[in-house]
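For reference, the structure discussed in these notes is given below.
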Amino acid sequence: MSFYDIFKEMDYGDIREALADKSKNDVITALNKEKLTHDDLLALLSPVAAEFIEDMAQRAHEITRRRFGRTMGLYTPLYLSNECTNSCVYCGFSIDNRVGRVTLTVDEALREAKVIHDAGFRDILLVSGEAPNIIGIDYLAEVISRLREHFASIAVEVYPLTTEGYSRIVEAGCDGLTVYQETYDEVLYEKMHPKGKKRDFIHRLETPDRGGAAGVRRIGVGALMGLGDWRVDCAFLAAHASYLTKKYWKSKISVSFPRMRPAEGGFKPLSVVSDQNLVQAITALRIYLNDVGLVLSTREGAELRDNLVRLGITHMSAGSRTNPGGYLVEPDSCEQFEVEDTRSPAVVAKRLTELGFDPVFKDWEAV
Amino acid sequence: MYKADNDDILVINGREFSSRLFVGTGKFSSTQAMVDAVKASDSQMVTVALRRVELDNPQDDIMSALAELPILILPNTSGARDAEEAVRLAKIARAAGCEPWIKLEVTPDPNYLLPDPVETLKAAEILVNDGFTVLPYIHADPVLAKRLQDVGVHAVMPLGSPIGSNQGIKTRSSIEIIIEQARVPVVVDAGLGTASHAAEAMEMGADAVLVNTAIAISNDPARMAHSFMLGTVAGREAFLAGIPAKRKKAAASSPLTGFLRD
C-alpha cells in the first residue's frame, strides 16, 4: 500500500465542492475541537474561514509553542546542479530554458559547504534538478559521506529515487528527504510537466513512501502554491502528511508552502495566493496536524517571514543561494528561482532572537 | 521562622543532591532564558539533549553556559530510535568529556516521544555494564521498572503524561506501584504542567521530578522554575511530615465524647 491508494479515493473536484459548501458554523465547530477530522480541516481551508483568521492564528501559535517550544530550526540549501531533463513550465532549470548548466564537482560542493558551515549551519539541504546521468547515486553518496563529518543533518531535495537509491544515501549519512508533488491535480500536473521522467505523477506521489521504506528520518512534502487550487492542494497535502506520519511512524514529517516566484522562462502563476491565503494554509495545517514540521523558505520576504514565525512555522532556510556554486565557486550561474529574503543567516538569527525564538542551527547528532 | 531539616538528601549512585527538582534545557527562547530558569529552579541536575549541542566545540552556547553553574549535566539521548543509537550517543558524550551519567531516552515516535520499552531495557543493560550511571525514561510500567532495576539502572523516570502535554500525573496508579516497589530513586518525568503537579508527585513519595516544557514555554520561565522549586519542596515536606489519611467522614479535632474514659 502507498499513498496512491488513499489518493485514488479522493477527488480533486469533490474536495473543491466540499470547500465551497462549508459554512461559518462548520469553521466554529472545527475550531472548538481538540482533534480535528479531515472534514474539519476543509472548513478551516474554506473561503468562509477567512474571517476567523485571527482565531486560527492564536490557536496555531498556542499549539506550536506547546509542541515545539520557542525555537526555530535553521537550514540552508546547497545546490549541486542545475542540469535537468524535465521541462516543468514554471522552473528556471527546465530543459527548455537556454541557460548555462553547472554541476559542482565533489570538491566544489565541499568548498560551498564550508561557506555554509562557517555561517553556523549544521543542517544542510542538497538540491539538484533531475539528471541522474550527471547527478547519480554514486555522486550523491560521495558528497553526503564527505559532508557527514561537518554536518549533523543532511537532507536531499533531488529527483525521486528508488527505495534502493534512498537506502544507499541513508547509508552514506543522509537523514532527510524533501519532495514536492507541486499539485495533486493530475490533469494540471500533466500540463505543467510536458517532458521528462517527472511526467509520471504516481511515481512522484509515491516518492515519500520509498524514502520512508528506506528509513529516511525526516520526510518533507509540499505543493507549489499558485499552480493548482491552493485550498484543494493543501487538503491533499494534509492527507499525505497524515498518512506518512501513521505509516512511517519513526520518521518526522514536515510540510512546506512554496509560493511561486519569478524564475527564468517567465512563467506567471496560474492563481494568486495572497499573504492572507498563505496564513490560512499554514494555520489550518498546524491546527489539523499538531506535530508536523512546517517549513518556510526564503521565497518569502523578510517582513512576512518575521510575522509567520509565530503562526506555526518550525523550520526556515536562511542566507539561501538557489544556483549551483552560488555561495562561492560559480556565483552567477542560473538560479532556480529568485530569493526574496536576502538577509544573511546572522541577521535572520538575530531577528529571531528579537522575536523571542532561539535560532537552532543543530538539532541532530548523526550516530 | 521554622527551619526545615536539611539532612534530606537524594542519593543516586552515591552522588548527593539537595534539590529534588531536575530541569531540562529544550524549547527555551534563548540560552540566557534557559540559564536564568535553571538558576531560579535551584536544580543541581540539568539534562541536555546531545542532539542540540556540539560537544567538540568548546564555545558551544548551551554547554559553556551550563559549565558555569553548580550542577551535574545529565546528557540525554533524545532522538535515538533504538538501543544501538542510544548507546552510541551516550558514548559520544562520555568521549567528549561528560561525566558517565546518561538519561536514557529511546523514543522512536518523533511526535509523542513515548519511550520504547524493549529498546530501553536493551540499551540500559549495555550502558550499565559499560560503567554508566543510567536513568531511563519509561512509561509508568511497574514491571518494566523492575526489569530495569534488575539490570542495574540507578533510577527510573516514569512519565506522568505525554511529554510536553502539561496534563499532570495521568499515570498515578502505576506510578504509585513503581514507588512502592522501587529499590532505586523514582523521578517523575514528563507532563508536569504546573507547580502543583510537582507537589503531587512528591506527596506520592517520588524521590524527584523533572520538568522542562512547562518552564520553557511559560511567559516568565525563571518565575515558573522558581514555582516548581517551591512546589517540589512543598510536596516533599508534606510527604516527610506524614500526610494524614483521607477519611470519608469529618473527624473533629476536639471530639465531643473525649470525656468518656475507659
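Each reported figure results from applying straightforward, stated rules to the coordinates on display, with no laboratory input. Remember, predicted model here, so these are calculated numbers, not experimental data. Cβ placement follows ideal geometry from the backbone for every residue including glycine, while neighbour counts extend to all protein chains displayed.
Using 7 Å Cα-to-Cβ label points, what is the B:I9/A:E171 separation (nm, one decimal)?
That separation, rounded to one decimal, is 5.4 nm.
Averaged over its residues, how many other protein chain Cβ atoms are within 10 Å of peptide B:207-216's Cβ atoms? Don't skip to the answer; put the middle values down first.
Working: counts 0, 0, 0, 0, 0, 1, 4, 1, 0, 5.
So the per-residue partner count for this stretch is 1.
Could you work out the helix-only [θ] at 222 nm for chain B, with each DSSP H run of four or more residues adding -39,500 (n - 2.57) and the total divided by the number of residues, to the nearest 500 deg cm²/dmol? Working shown, then result.
Details: 9 runs with 97 residues, N = 262.
Calculated at 222 nm, the ellipticity per residue is -11000 deg cm²/dmol.
Can you give the relative contact order of the stretch A:99-250 as a percent, counting alpha carbon pairs under 8 Å and 6+ residues apart?
21 percent
Divide, for the stretch B:1-76, the radius of gyration over alpha carbons by 2.2 N^0.38 Å, where N is the residue count.
Against the compact-globule rule of thumb, the ratio is 1.23.
Hey, what's the Kirkwood Rh for the stretch A:80-222 if you take every pair of different alpha carbons, in angstrom? Mind showing how you got there, number by number?
Numbers: mean 1/r = 0.0640 Å⁻¹.
Final number for the Kirkwood radius of the stretch A:80-222 is 15.6 Å.
Bins of 10 Å, beginning at zero and ending with the bin holding the largest distance: percent of Cα pairs per bin for the stretch B:19-139, please.
14, 45, 34, 7
Towards the positive end of the charge dipole of chain B, with charges on Cβ (+1 Lys, Arg; -1 Asp, Glu), say which of B:N111, B:V143, B:G26 has the farthest Cα.
Of the candidates, B:V143 comes out farthest on the positive side.
Report Rg (one decimal) and Dmax (nearest whole number) for the stretch A:4-162, counting Cα atoms only, units Å.
Spelled out, the Cα radius of gyration and Dmax of the stretch A:4-162 are 21.8, 59 Å.
Compute the Kirkwood hydrodynamic radius of the protein assembly as shown, taking the inverse of the mean of 1/r over all pairs of distinct Cα atoms, and give it in Å to one decimal.
Averaging 1/r across every pair of different Cα atoms and inverting gives 26.1 Å.
Which Cys in chain A stand alone, with every other cysteine's Cβ at 4.7 Å or more from theirs?
Singleton cysteines: A:C84, A:C174, A:C234, A:C334.
Jot down the radius of gyration and Dmax of the stretch B:83-183, Cα atoms only, both in angstrom.
In order Rg, Dmax, the Cα atoms of the stretch B:83-183 give 13.4, 40 Å.
Please turn the phi angles of the stretch A:245-262 into ³J(HN,Hα) values with the Karplus equation 6.51 cos²θ - 1.76 cosθ + 1.60 (θ = phi - 60°), one per residue in order, whole Hz, x for glycine and proline.
For the stretch A:245-262, the Karplus curve yields 4, 6, 6, 9, 5, 8, 9, 8, 9, 10, 10, 10, 10, x, 8, 4, 10, x Hz.
Restricting to DSSP H runs of at least four residues, report the calculated mean residue ellipticity at 222 nm for chain A, -39500 (n - 2.57) per run over all residues, nearest 500 deg cm²/dmol.
Taking each H run of at least 4 residues, the total per residue is -12000 deg cm²/dmol.
Taking the Cα-to-Cβ direction at A:E34 and at B:S253 and moving 7 Å from each Cα, how far apart do the two end points lie in nm?
Each label point is offset 7 Å from its Cα along the Cβ direction, giving 3.9 nm.
Assuming a ≥ b ≥ c are the square roots of the Cα gyration tensor eigenvalues, decide whether the stretch A:87-137 counts as rounded (a/c under 1.5), prolate (otherwise, with a/b larger than b/c) or oblate.
Details: a/c = 2.35, a/b = 1.91, b/c = 1.23.
Judged from the Cα gyration tensor, the stretch A:87-137 comes out prolate (a/c at least 1.5, a/b above b/c).
Would you kindly calculate the translational diffusion coefficient of the stretch A:121-201, applying Stokes-Einstein with the Kirkwood radius from alpha carbon pairs, for 25 °C and a viscosity of 0.890 mPa s, and quote it in µm² s⁻¹ without decimals?
179 µm²/s
Once you keep just the Cα pairs under 8 angstrom separated by 6 or more residues, what percentage relative contact order results for chain B?
Over chain B, the number comes to 18 percent.
Which ordering of B:I169, B:I71 is given by a fewest-first count of other beta-carbon atoms within 10 Å?
Taking fewest neighbouring Cβ atoms as first place, the list is B:I71, B:I169.
Can you work out ³J(HN,Hα) from phi for every residue in the stretch A:210-226, in order, using Karplus 6.51 cos²θ - 1.76 cosθ + 1.60 and θ = phi - 60°, giving whole Hz and x for Gly and Pro?
Per-residue couplings from phi come out as 5, x, x, 5, 7, x, 5, 6, 10, 10, x, 10, x, 10, 6, 7, x Hz.
Please state the charge dipole magnitude for the stretch A:272-362, taken about the Cα centre, from unit charges on C-beta atoms (+1 on K and R, -1 on D and E), reported in debye and rounded to the nearest 20.
320 debye
Based on other C-beta atoms within 10 Å, arrange A:V360, B:V11 from fewest to most.
B:V11, A:V360
How high is the relative contact order of chain A? Use alpha-carbon pairs under 8 Å, at least six apart in sequence, and give a whole percent.
About 25 percent, as a whole number.
Per the Kirkwood formula on distinct C-alpha pairs, the Rh of the stretch A:180-223 is how many angstrom? Mind dumping the intermediate values first?
Numbers: mean 1/r = 0.0894 Å⁻¹.
One decimal place: 11.2 Å for the Kirkwood radius.
With just the Cα atoms of chain B, tell me how far they stretch along each of the three principal axes, in Å, largest first.
Reported extents, whole Å, longest axis first: 76, 38, 34.
Per residue, how much space in cubic angstrom lies within the convex hull of the C-alpha atoms of the stretch A:190-287?
114 Å³
Counting Lys and Arg as +1 and Asp and Glu as -1, each charge on the Cβ, what is the dipole of chain A about the Cα centre in debye, to the nearest 20?
Rounded to the nearest 20 debye, it is 620 debye.
Counting other beta carbons within 10 Å of each Cβ, put B:L230, A:L289, B:L55 in order, fewest first.
Least crowded to most crowded, the residues run B:L230, B:L55, A:L289.
How large are Rg and Dmax for chain A when only the alpha carbon atoms are used, in Å?
Gyration radius and largest Cα-Cα distance of chain A: 19.3, 59 Å.
Using a Förster distance of 60 Å, how high is the FRET efficiency between B:A241 and A:A50, based on the Cβ-Cβ distance and rounded to 0.05?
Here the calculated transfer efficiency is 0.55.
Towards the positive end of the charge dipole of the stretch A:57-126, with charges on Cβ (+1 Lys, Arg; -1 Asp, Glu), say which of A:V89, A:F121, A:L74 has the farthest Cα.
A:L74
Report, as an integer, the average count of C-beta atoms from other chains found within 10 Å of each Cβ along A:64-77.
Mean partner-chain Cβ count within 10 Å for A:64-77: 4.
Taking H placed 1.01 Å from N in the peptide plane, check which residues at least 5 places from B:I12 or on another chain put their amide H under 5 Å from its amide H.
B:F17
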